[in-house]
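Chemist: Mind looking over this structure? Questions follow.
The values are calculated or read from the model by the stated rules, or taken from the named source; none is laboratory data. Keep in mind that this is a model prediction, so the values were computed, not measured. Please note: Cβ atoms are built from the backbone with ideal geometry, for glycine as well, and neighbour counts cover all protein chains shown. Side chains are part of the model used for accessible areas, which takes the heavy atoms of the whole protein and leaves out ligands, DNA and RNA. Shrake-Rupley method; radii C 1.70, N 1.55, O 1.52, S 1.80 Å.
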Amino acid sequence: MALLKGILKRRPDLKLIIMSAAVDAIKFQKYFGGTGEGKDKKESVPLLKVPGRAHPIEVFFTQKPEPDYFEAAIRTVLMIHRAEDEGDILLFLTGKEEIEEACRKIRLEADHLRNLNPTTVGPLACFPLYSSLPFQQLQHIFDHEPEAEVPNGSRGRKVFVSTNIAETSMTIDGIVYVVDPGFSKQIVYNPRTRVESHLASPISKASAQQRACRAGHTRPGKCFRLYTEKDFSTELEDQSPPKILTSNLAKTVLELYNLGIKDLVHFDYVDMPAPETLMRALELLNYLGAVDDEGNLTPLGAMM
């Protein structure tokens, strides 16, 4: 963003359009020289909102906080399968192990329900979704939903249990029901201990809205949030913190050095990282031999 901002000053003929589904637009408008006054036609950096064509979505909250979101999520999926009309389900969880365990439990419980009521409860196909999933398994998400196993019985449906990659990175047709426990795994870097932790943390309001919108692509949908409306209003942040404030910046600093930018303190960041995080990044690059003691990029650093 800072490089683009510098280029725009030299190239008045160049137009830059920034598009995002969940970004804090006013922050970027001000960063590129706007006043942050929204849709004013005289604004030098205009802000446009393009409405989507999603179908209406009903949002349901719990009456009281759930003591165990994992068990509540599985219970909600099975309740939807048993009681709601046709349509696939998308359940958001935090990581690979949790997703695989949820798929195992959902399959077991769904088979049990189908054996008890073969005519009213259809088969359930459950698919995990996370970034390290092999491509062959990823292809199964496009399979047709399972057919009814008994004459005049209920048709089956698919359940996708996913990390937040299904929030914005991919769109799955046929999703009508979304189950949102309100957590995602976020990387938190502590520069003092030099430890990067993957912690299950509450999502932001923007993420919650993105998740709900997954249910309205093909027809009116429903989103079941496993937290109270009060918690949504008071506990969730409006936006997730930018990665530059929560990550190890060694890779970012190396890229800046390779671009010829050495003054890291006065660089025009959108969000200024903590000086200590920048110091730790430089120390690490120095230990690895990517940056010499004078702060210059070494041939090894250029290769890296």
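Chemist: Tell me, how many Å apart are the Cα centres for the stretch 257-304 and for the stretch 118-173?
Modeler: Distance between centres, Cα-based: 45 Å.
Chemist: Separate question: What residue among S169, S247, S233 has the largest mean-square fluctuation in a Gaussian network model of the chain, using Cα springs under 10 Å?
Modeler: Greatest mean-square fluctuation among the candidates belongs to S169.
Chemist: What percentage of the solvent-accessible surface of the stretch 250-304, computed with a 1.4 Å probe over protein heavy atoms, is contributed by carbon and sulfur atoms?
Modeler: Taking all protein chains in place, the stretch 250-304 shows 60 percent carbon and sulfur surface.
Chemist: Ok, one more. With +1 on each Lys and Arg Cβ and -1 on each Asp and Glu Cβ, how big is the dipole of the stretch 1-93 about its Cα centre, in debye rounded to the nearest 20?
Modeler: Once rounded to the nearest 20, the dipole reads 1080 debye.
Chemist: Taking θ = phi - 60°, what integer Hz values does the Karplus form 6.51 cos²θ - 1.76 cosθ + 1.60 yield along the stretch 161-176, in sequence order, with x for Gly and Pro?
Modeler: 3J(HN,Hα) across the stretch 161-176, in whole Hz: 10, 9, 6, 6, 5, 7, 6, 9, 6, 9, 10, 10, 5, x, 6, 10.
Chemist: What number comes out for accessible area per residue over the chain if the probe is 1.4 Å? Units Å², please.
Modeler: Value for the chain: 60 Å² per residue.
Chemist: For the stretch 218-285, what is the charge dipole size about the Cα centre, in debye to the nearest 20, if Lys and Arg each add +1 at the Cβ and Asp and Glu each add -1 at the Cβ?
Modeler: Magnitude of the dipole: close to 420 debye.
Chemist: Computed FRET efficiency, Cβ-Cβ of T35 and E147, R0 41 Å: what is it to the nearest 0.05?
Modeler: With R0 = 41 Å, the Cβ-Cβ based efficiency is 0.10.
Chemist: Further, regarding this structure: Filter the trypsin sites (Lys or Arg not before Pro) in the stretch 138-179 to those in DSSP coil with at most 13 other Cβ atoms within 10 Å of their Cβ, and list the result.
Modeler: Hits after loop and neighbour filter: R155.
Chemist: Right, here's the next one. Going by alpha carbons, how many degrees (0 to 90, nearest 10) lie between the helix axis of 275-287 and the longest principal axis of the chain?
Modeler: With rounding to tens, the tilt is 80 degrees.
Chemist: Tell me the relative contact order for the chain as a rounded percent, counting alpha carbon contacts under 8 Å between residues six or more apart.
Modeler: This gives 19 percent for the chain.
Chemist: Another question about this same structure. So what J values fall out for the stretch 88-94 if you push phi through Karplus, 6.51 cos²θ - 1.76 cosθ + 1.60 with θ = phi - 60°, rounded to Hz, Gly and Pro as x?
Modeler: 7, 10, 10, 10, 9, 10, 9
Chemist: Please report the orientation-averaged projected area of the stretch 61-127, defined via the convex hull of its C-alpha atoms, in nm².
Modeler: Convex hull of Cα atoms, orientation-averaged projection: 5.1 nm².
Chemist: Sticking with this one: Based on the Cβ-Cβ distance of K64 and E255, what FRET efficiency does E = 1/(1 + (r/R0)^6) give at R0 = 35 Å, to the nearest 0.05?
Modeler: Calculated value: 0.15.
Chemist: With both partners inside the chain, how many of the DSSP beta bridges are antiparallel, as a percent to the nearest 5?
Modeler: Antiparallel bridges: around 30 percent, rounded to the nearest 5.
Chemist: Let me ask you something else. Which residues' amide hydrogens lie under 5 Å from the amide hydrogen of T218, considering only partners 5 or more residues apart or on another chain, with H built in the peptide plane?
Modeler: Under 5 Å from the amide H of T218: G174.
Chemist: Leaving out ligands, DNA and RNA, what percent of the accessible area of the stretch 57-141 is carbon and sulfur, probe 1.4 Å?
Modeler: Whole-percent figure for carbon plus sulfur exposure: 52.
Chemist: Give the average over all directions of the projected area of the C-alpha convex hull of the stretch 1-128, one decimal, in nm².
Modeler: Result: 13.0 nm².
Chemist: State the volume of the convex hull built on the alpha-carbon positions of the stretch 104-195, expressed per residue in Å³ and rounded to an integer.
Modeler: It comes to 143 Å³ per residue, whole-number rounded.
Chemist: Gaussian network model of the chain, Cα springs within a sub-10 Å range: biggest mean-square fluctuation belongs to which of R225, R104, R11?
Modeler: R11
Chemist: Taking θ as phi - 60°, what are the ³J(HN,Hα) couplings along the stretch 177-187 by the Karplus curve (6.51, -1.76, 1.60), each to the nearest whole Hz, with x for Gly and Pro?
Modeler: Listing the rounded values in order: 10, 10, 10, 10, x, x, 10, 8, 8, 10, 7 Hz.
Chemist: To the nearest 0.05, what FRET efficiency results for E84 and L245 with a Förster distance of 35 Å applied to their C-beta separation?
Modeler: 0.30
Chemist: Please compute the modelled spin-label separation between I165 and S197, points set 7 Å along Cα→Cβ, answer in nm with one decimal.
Modeler: 2.6
Chemist: How large is the charge dipole for the chain, taken about the Cα centre, if only the Cβ atoms of Lys, Arg (+1) and Asp, Glu (-1) carry charge, to the nearest 20 debye?
Modeler: So the dipole magnitude of the chain works out to roughly 840 debye.
Chemist: Would you mind checking the tilt of helix 96-116 against the longest principal axis of the Cα atoms of the chain, expressed as 0 to 90 degrees and rounded to 10?
Modeler: It works out to around 10 degrees.
Chemist: If each DSSP helix of 4+ residues adds -39,500 (n - 2.57) and the sum is divided by the residues in the chain, what number results at 222 nm, nearest 500 deg cm²/dmol?
Modeler: It lands at -9500 deg cm²/dmol.
Chemist: Toward the positive end of the charge dipole of the chain, about the Cα centre and with charges on Cβ (Lys, Arg +1; Asp, Glu -1), which of C213, F160, V253 goes farthest?
Modeler: About the Cα centre, the residue reaching furthest to the positive side is C213.
Chemist: Regarding the stretch 193-304, what is the average projected area of its C-alpha convex hull, in nm²?
Modeler: 10.5
Chemist: According to the Cα gyration tensor, what semi-axes, each the square root of 5 times an eigenvalue, does the equivalent ellipsoid of the stretch 97-151 have, listed from largest to smallest in whole Å?
Modeler: 25, 15, 5
Chemist: Would you indicate which of (i) 20.1; (ii) 22.5; (iii) 21.7 is the value of Kirkwood radius over Cα pairs in Å derived from the coordinates of this structure?
Modeler: Computed from these coordinates, Kirkwood radius over Cα pairs in Å corresponds to label (ii).
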